[in-house]
Amino acid sequence: MSSEQIFIIHSDGTIADLLEHSILRPAGYDVTQIRDRKALDLLLQTNHPHLVILGDRIPEGSGLDLAVQLLESRPDTAIVLASDPFSDGLLLRAIHSGLSGYLYPPFETGEVLEVIQGVLERQRRLKQWSLRHKEDNTSALQQKVESMEALQRIGRKVTSILELDSVLTAVVDAAVELTGAEEGSLLLMDETTGELYMRAARNFREDFVRTFRVPIKDTLPGEVLRTGQPLLLNTATPKKIKTSYLVHTLMYVPIQVSDRVIGVLGVDNRRSGHPFSDYHLDVVYALADYAAIAVENARLFASSQVEREKLETLLTQVQDGVVVLDEDARIMLLNQSAQAAFGLEGRDLVGRQVQDVIQHPDLLEILNGQKDSTPYRGEITLADGRVLSAQVTPISGVGLAVIMQDITYLKELDRIKSDFVSTVSHDLRSPLTAILGYVELLGRVGELNSQQEGFIQRIQVSVENITSLINDLLDLGRIESGFDARKEIVPLAAIIRYTIESMRSQAEEKGQNLVLDIPEGLPHILGNPVRLRQMLENLVANAINYTPKDGEIRVTTRSESEQVIIAVSDTGPGIPHADQPYIFDKFYRASNIPPDTPGAGLGLAIVRSIVENHQGRIWVSSTPGQGSTFTIVLPTTDNFFSQTQVS
Ligand code: ADP
């Protein structure tokens with residue numbers, strides 16, 4: 001107490017001296033007399049006196065005015081007014097201004113000390129009280145920060161971990177720790193039995209947790225589940241409940257997904273009666289929400305997993321080979337049949353680049369052939385002689401799916417059919433030539449009337465049509481079997497020009513505009529000039545044939561990285577999308593042509609065979625109602641050799 005500091009400022013030095021030397025110092029106080037207001041301000045910057053005694057008059061004027069100013073800036077300062085003489089008015093104003101005490105003559109030692117001690121004692125209590133209050137506030141704040149941190153931790157866990165047990169255990173742990181409870185449990189509803197079971201717990205015996213089950217009816221957690229309302233129990237006398245035997249305090253909060261309650265999160269105190277507050281309720285509610293999200297996430301994940309597994313089993317078991325690649329050509333799925341086809345059984349290839357795993361040139365060529373997002377087909381001949389038809393479907397956002405069907409037996413049938421057709425065609429040629437010969441002779445052996453001449457003409461046209469069909473069939477047979485494999489260096493530009501010019505009159509007859517766009521210096525290619533001409537003739541003849549009067553047919557050519565690209569476009573009726581994959585097949589005719597259109601559906605099959613014989617590729621792009629473009633890519637002489645070596 002003796003070290004308590006007192007400042008005195010008074011214009012009457014006698015009173016100041018009396019207080020300091022005769023009363024306060026002898027009583028052990030540390031007293032400083034201050035001259036004026038300025039000195040006081042200076043000292044107050046570094047000191048915090050326990051008490052300031054102000055005279056009613058101070059060097060600058062009224063002590064009471066200074067007291068009022070001081071209390072405004074430092075409301076915790078204890079100020080005592082020392083007046084001479086005693087004045088009722090001054091005393092009243094001192095009280096109204098919130099001063100702590102009032103001294104007046106004759107400044108009796110006992111009285112002065114009683115006032116000073118009283119003021120200092122109250123000041124001390126005030127300080128202690130505010131200190132306690134501050135500590136309480138700090139610890140409440142600390143508790144809130146810890147709760148926030150714990151909630152944040154659980155939140156991160158919920159979003160990053162799919163393993164439900166560990167999230168729910170973390171939720172119960174946090175509920176126990178943040179509420180200061182002794183036990184915690186998370187009960188979930190078992191849909192099949194209609195009971196609540198303990199999914200996660202803290203401080204319960206393990207066998208109790210395992211066997212714990214309570215009905216929804218007539219139990220506290222069941223009531224929370226049914227009503228969706230929380231339950232807070234703070235009792236002085238312990239209450240018997242099913243989860244614990246006797247509890248003083250307990251809190252159950254519903255775990256809710258949308259508007260469905262799926263379980264209950266609870267904490268309790270068996271030994272201590274430590275009550276749960278509304279703040280605890282808020283925290284446990286927030287944790288229950290996290291538990292709900294975790295349970296829902298796990299449910300959604302499990303159901304998507306089941307669907308995925310079903311789909312995987314389906315794709316794995318199907319007879320067709322299935323390869324699914326992501327957008328970077330990494331394998332996402334390679335089913336058993338595809339693994340067997342490429343000799344990759346039993347290897348885990350998911351995630352690997354397809355070209356590192358499957359080196360089959362046909363498949364790689366098909367995969368490289370992807371031009372845009374339209375599906376396309378190709379054939380793969382396996383080492384054991386089997387032939388697969390591969391349908392490639394680009395899937396936006398996923399990558400590419402390749403479905404491979406074994407068409408070996410169809411190929412064999414096709415071969416047998418071709419052999420048969422070519423034998424029959426061959427055998428038909430001689431009798432047809434004989435028919436034509438004899439028909440011509442008919443006119444020479446006797447006079448024919450006009451009707452007979454008309455019949456003979458019709459016979460001739462029909463026989464010519466049959467002969468042309470047979471020639472096409474024989475051509476196709478020859479090209480397919482590679483009979484005319486002999487190739488020479490061909491000036492492609494000259495062949496194209498010659499072919500187009502020879503067909504110009506045909507186009508003009510239909511009022512069509514036949515345009516040829518051929519750049520200077522188109523490279524030579526290695527090929528069969530007769531077949532190349534036939535290839536172009538067939539495409540241009542189709543364009544003229546299917547394009548209506550006054551349409552336009554355009555043949556453009558260009559060379560690009562050791563390849564020559566020839567495109568034949570027209571402004572004709574186009575080809576329906578459904579027909580496009582098949583128009584290069586023998587005898588296939590699109591569904592949009594009128595039934596009496598002449599033709600047998602062999603022209604494009606011949607074109608494709610010729611293109612393939614020249615190691616080239618052909619495709620069509622067509623928009624029904626607008627026109628078609630047939631594009632052929634042929635290797636130039638440089639590229640041809642490297643391609644023939646590979647295949
Ligand atoms: P053909 O012309 O004798 O019917 P092709 O094999 O040459 O046989 O053609 C197959 C089918 O493709 C045709 O029947 C026709 O439906 C379609 N087609 C070919 N070229 C064109 C074209 N330029 N415009 C529209 N359809 C065409």
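The values are calculated or read from the model by the stated rules, or taken from the named source; none is laboratory data. Predicted model, so just to flag it, every value in this text is computed and none were measured. Cβ: placed from backbone, ideal geometry, glycine included. Neighbour counts: every protein chain shown. For the accessible areas, the whole protein counts, side chains as well, though only heavy atoms, and no ligand, DNA or RNA atoms are used. Shrake-Rupley method; radii C 1.70, N 1.55, O 1.52, S 1.80 Å.
List every residue pair whose Cβ atoms lie under 6 Å apart, where the two residues are 6 or more positions apart in sequence or sit on different chains, the first residue falls within the range 580-600 and is within 15 Å of Pro624 (Cα to Cα), and the second residue, located anywhere, is loosely packed, with under 10 Cβ neighbours inside 10 Å.
Filtered contacts from the range 580-600: no entries.
Got at least one residue in the range 205-217 being part of a helix (DSSP H, G or I), at pLDDT 90 or above and aliphatic (A, V, I, L, M)?
Within the range 205-217, one or more residues are part of a helix (DSSP H, G or I), at pLDDT 90 or above and aliphatic (A, V, I, L, M).
Assuming Val607 fulfils every condition listed in (1) without any contact (Cβ under 8 Å) to a residue 40 or more places away in the chain; (2) within 13 Å of the ligand (Cβ to nearest atom); (3) within 18 Å of Ser468 (Cβ to Cβ) apart from one, which condition is it?
(1)
Would you tally the residues in the range 472-494 being without any contact (Cβ under 8 Å) to a residue 24 or more places away in the chain and open to solvent by less than 60 Å² (accessible area, probe 1.4 Å)?
The number of residues fulfilling the criteria is 1.
Say whether the condition of being assigned by TED's automatic domain parsing to the domain that holds Ala16, more than 16 Å from Ile23 (Cβ to Cβ) and among the polar types (S, T, N, Q) is met by at least one residue in the range 91-100.
yes
Here are some residues: Gln305, Gln339. Which one is closer than 30 Å to Gly616 by Cα and assigned to a helix (DSSP H, G or I)? Walk me through it before giving the result.
Working: Gln305 fails: closer than 30 Å to Gly616 by Cα.
Result of the check over Gln305, Gln339: Gln339.
For the range 239-260, check the following and say yes or no: at least one residue is open to solvent by less than 80 Å² (accessible area, probe 1.4 Å), in a strand (DSSP E or B) and aromatic (Phe, Trp, Tyr).
The answer is yes, given that some residue of the range 239-260 is open to solvent by less than 80 Å² (accessible area, probe 1.4 Å), in a strand (DSSP E or B) and aromatic (Phe, Trp, Tyr).
Just to be sure I understand, how many residues within the range 189-219 are among the hydroxyl-bearing types (Ser, Thr, Tyr) and in contact with an Asp or Glu (Cβ under 9 Å, 6 or more places away or on another chain)?
Selection size over the range 189-219: 1.
Tell me, please, whether a residue that is out of contact with any Gly (no Cβ under 9 Å at 6 or more places or on another chain) and open to solvent by less than 30 Å² (accessible area, probe 1.4 Å) can be found in the range 296-316.
yes
Which of (1) touching a strand residue (DSSP E or B) at 6+ places or on another chain (Cβ under 6 Å); (2) closer than 20 Å to Pro106 by Cβ does Ile9 not meet, given it meets every other one?
(2)
Does the range 520-528 contain at least one residue that is within 16 Å of the ligand (Cβ to nearest atom) and crowded, with 18+ Cβ neighbours inside 10 Å?
no
Which ones in the range 115-155 are within 53 Å of the chain's Cα centre (by Cα), among the basic types (Lys, Arg) and surrounded by 11 or more Cβ atoms within 10 Å (Cβ to Cβ)?
Lys144, Arg153
Among the listed residues Leu70, Leu42, which satisfies the condition of being open to solvent by 70 Å² or more (accessible area, probe 1.4 Å), among the aliphatic types (A, V, I, L, M) and on the phi < 0 side of the Ramachandran plot? Spell out how you get there, then give the answer.
Values: Leu70 fails: open to solvent by 70 Å² or more (accessible area, probe 1.4 Å).
It is Leu42.
Taking only the range 320-336 into account, find how many residues are open to solvent by 30 Å² or more (accessible area, probe 1.4 Å), in contact with a helix residue (DSSP H, G or I) (Cβ under 9 Å, 6 or more places away or on another chain) and assigned to a strand (DSSP E or B).
Qualifying residue count for the region: 1.
Scanning for something open to solvent by less than 50 Å² (accessible area, probe 1.4 Å) and either in contact with a Gly (Cβ under 7 Å, 6 or more places away or on another chain) or under 17 Å from Thr227 (Cβ atoms) (or both), does the range 267-276 turn up at least one residue?
yes
What is the residue count in the range 49-67 for residues that are open to solvent by 70 Å² or more (accessible area, probe 1.4 Å), touching a residue at least 40 places away in the same chain (Cβ under 8 Å) and either over 10 Å from His10 (Cα atoms) or assigned to a helix (DSSP H, G or I) (or both)? Walk me through how you get there before you give the answer.
Here is the first cut: in the range 49-67, the ones open to solvent by 70 Å² or more (accessible area, probe 1.4 Å) are 57, 59-60, 65.
From what is left, the residues that are touching a residue at least 40 places away in the same chain (Cβ under 8 Å) are 57, 59.
Subset that is either over 10 Å from His10 (Cα atoms) or assigned to a helix (DSSP H, G or I) (or both): none.
Total satisfying the criteria: 0.
Given the criterion within 27 Å of Gln305 (Cβ to Cβ), open to solvent by less than 90 Å² (accessible area, probe 1.4 Å) and either touching a residue at least 40 places away in the same chain (Cβ under 8 Å) or more than 35 Å from the chain's Cα centre (by Cα) (or both), identify the matching residue among Val172, Val214.
Val172
So, Glu447, is that one assigned to a helix (DSSP H, G or I) and either open to solvent by 60 Å² or more (accessible area, probe 1.4 Å) or touching a residue at least 24 places away in the same chain (Cβ under 8 Å) (or both) or not? Lay out the reasoning, then the answer.
Details: assigned to a helix (DSSP H, G or I): no; either open to solvent by 60 Å² or more (accessible area, probe 1.4 Å) or touching a residue at least 24 places away in the same chain (Cβ under 8 Å) (or both): yes.
It is false that Glu447 is assigned to a helix (DSSP H, G or I) and either open to solvent by 60 Å² or more (accessible area, probe 1.4 Å) or touching a residue at least 24 places away in the same chain (Cβ under 8 Å) (or both).
Considering only residues that are of a type outside the set (A, V, I, L, M) and in contact with a Leu (Cβ under 7 Å, 6 or more places away or on another chain), which ones fall in the range 50-109?
Residues satisfying the conditions are His50, Asp56, Gly63, Thr77, Ser83, Arg93, Ser97, Gly98, Tyr102, Phe107.
Of the residues in the range 539-595, how many are near the ligand (Cβ under 10 Å from one of its atoms) and within 41 Å of the chain's Cα centre (by Cα)?
8
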